[in-house]
Amino acid sequence: MINRRSFIKTLGRGIAFAGLAGITGYLALRDEPVDGEECNFDFACKNCKQLSSCNLPEAKETKAKEESNREE
């Protein structure tokens, strides 16, 4: 026979497991960007080492600004 304490423990563990399984499923099955282009970094393009090969609009703007600064 289950007493109240073991029931609450089992219920808590079940809820925690269900939460972990739900979060894992969400992260595994979430939609990726349609165009496949997304920045992996969280800082400005100016400091990025991948700026020369990046095709994102922000990177293109930064490249254009750098080109205009060199010409001046």
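Just subtract the alpha-carbon distance of GLU61 and LYS46 from 0.36 nm times their residue separation and send over the number in nm, one decimal.
Value of the extension gain: 4.4 nm.
Please give every one of the lysines within straight-line cross-link reach of LYS46, meaning a C-alpha to C-alpha distance under 27 Å, and leave out same-chain neighbours fewer than 8 residues apart.
Within the straight-line limit of under 27 Å, LYS46 reaches these lysines: LYS60, LYS63, LYS65.
Only the coordinates and a few stated rules stand behind these numbers; no lab work does. Note that the structure is a prediction, hence the values are computed from the model and not measured.
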